[in-house]
Every structure is written in structure tokens, then in C-alpha cells.
Amino acid sequence: MGKVKGNWCVFLIDGILVYNGEMRKYQATKKSLKEDQMPEQCIFCSATLPEKSSCQTIHEELLNFEALSAIPHLVHFLHVTCFMIQHERYSNEALVWAQSMLRANLDEHMTEQRHLQHLRTVGKNNPSRTWKFNRAEDASPLPKIAWSLTIVDVAQQAHNVEQYCERVKQWAHSTLQQMASLLL
Ligand SMILES: [Zn+2]
């Protein structure tokens with residue numbers, strides 16, 4: 001952590017300000033120093049966010065990556081569903097739907113073709129649906145879950161198609177395991 005301004009230089013090392021080669025105690029309290037250095041956390045999924053980023057931004061970047069890399073729709077579907085679950089976007093009815101969709105689509109016999117057929121019959125656009133997908137603003141708050149995998153972990157694999165698909169499936173498995181308390 002250091003920056004050069006004109007011909008002088010400031011460094012902050014362990015709370016000590018190094019200024020023009022001179023060492024001075026950093027005046028701020030320890031608390032504010034800590035807050036400055038603390039990485040930001042997502043208020044929904046509690047992921048530790050990379051600097052100046054958000055889960056929404058990462059989600060949009062991954063959608064781009066998926067489109068450019070011809071990622072199978074099944075993997076795209078798992079990504080969107082897990083993102084929506086972990087960011088409290090689903091109504092209670094949609095959470096029940098999402099749980100059954102994750103279960104069905106994580107079946108080892110699920111192929112891309114069967115996934116698309118399955119979506120046509122029980123997908124989001126099913127005309128017999130009477131409830132809303134989006135969680136209402138005044139809906140009861142959901143319990144907090146310490147998700148073992150988040151979109152930030154998944155994004156780390158977004159440079160290799162095979163590793164990315166594998167990671168999204170792991171994310172979907174862990175989300176399915178951990179989401180039970182949202183449905184109580
Ligand atoms: Zn998040």
C-alpha cells in the first residue's frame with residue numbers, strides 16, 4: 001500500500017505512517033484503520049467481494065462468459081437459480097420450485113436435451129403457474145445461511161469451460177444441501 005505524489009512518498013505499514021522516510025504513528029484509531037482494510041461482504045450471500053465489485057456485477061460478467069463460451073444451458077440454468085436463491089430474489093413458492101429444479105437437474109442422468117424438455121414442462125414460463133417468482137419487498141425476511149460456495153468462488157473458474165461447468169455444479173449441489181432452512 002503506497003502512493004507516490006510529486007517527490008514525496010507515503011506508505012502505511014502495520015499502522016505506522018512512513019512519510020518522506022520518517023516514521024510517524026498513524027493518527028486514526030485502530031477501528032477505522034481496520035474498517036478501511038476490511039474487504040467488503042455481500043449483504044445477501046456474505047461472499048467476500050473483490051474490490052469495487054458486487055455479486056450482481058459478477059453475475060452479469062458470468063452471463064457474458066457463458067454466452068461467449070457456448071456454456072450448456074443446463075449449467076447456465078444452475079448458475080442463475082443459485083444466484084437467485086442466494087440473493088433472496090425468489091418468493092417462497094419460487095424457492096420450493098427452485099429446490100425441485102435443482103434436484104431434477106443435478107440428477108446424473110440429466111442431459112442437455114432432457115433438461116430443455118424438462119424446462120418446457122415445469123419451467124418459469126409454464127402457463128398454469130399462479131404465483132409470482134420475484135420476492136415481494138414486504139415478504140418475511142429469510143434466515144441467513146453461511147453458504148459454503150458463492151458466486152465469487154464460481155467466478156474464479158471462469159477462464160476454463162470445463163472447470164467452470166464443474167464448479168457451477170458443485171455450487172448447485174451445495175446450495176441445494178444448504179437451502180432447506182429457507183423453506184421452513
Ligand atoms: Zn452475494
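The values are calculated or read from the model by the stated rules, or taken from the named source; none is laboratory data. Since the model is a prediction, treat every value here as computed from it, not as a measurement. All Cβ positions, glycine included, derive from the backbone under ideal geometry; neighbour counts span all protein chains shown.
List of remarks:
- Taken over region 86-105, residues that are within 27 Å of Asn160 (Cβ to Cβ) and either part of a loop (DSSP other than H, G, I, E, B) or within 13 Å of the ligand (Cβ to nearest atom) (or both) amount to 2.
- Among the residues of region 40-85, those identified as within 15 Å of the ligand (Cβ to nearest atom), part of a helix (DSSP H, G or I) and not hydrophobic (A, V, I, L, M, F, W, C) are Gln56, Thr57, His59, Glu60, Glu61, His79, Thr81.
- Residue list for region 55-73, restricted to those being under 22 Å from Leu142 (Cβ atoms) and surrounded by 15 or more Cβ atoms within 10 Å (Cβ to Cβ): Cys55, Ile58, His59
- Selected residue (only one of His87, His76 is surrounded by fewer than 21 Cβ atoms within 10 Å (Cβ to Cβ), farther than 24 Å from Ala146 by Cβ and at pLDDT 95 or above): His76
- Qualifying residue in region 161-168 (condition: basic (Lys, Arg) and touching a Ser or Thr at 6+ places or on another chain (Cβ under 7 Å)): no
- Residue within region 152-170 that is in contact with a His (Cβ under 8 Å, 6 or more places away or on another chain), within 16 Å of the ligand (Cβ to nearest atom), modelled with pLDDT of 95 or more and within 13 Å of Leu102 (Cβ to Cβ) present: yes
- Complete set of residues in region 102-121 that are touching a residue at least 60 places away in the same chain (Cβ under 8 Å) and hydrophobic (A, V, I, L, M, F, W, C): Leu102, Leu106
- Failed item in (1) surrounded by 15 or more Cβ atoms within 10 Å (Cβ to Cβ); (2) farther than 19 Å from Leu63 by Cα, with Leu102 passing the rest: (2)
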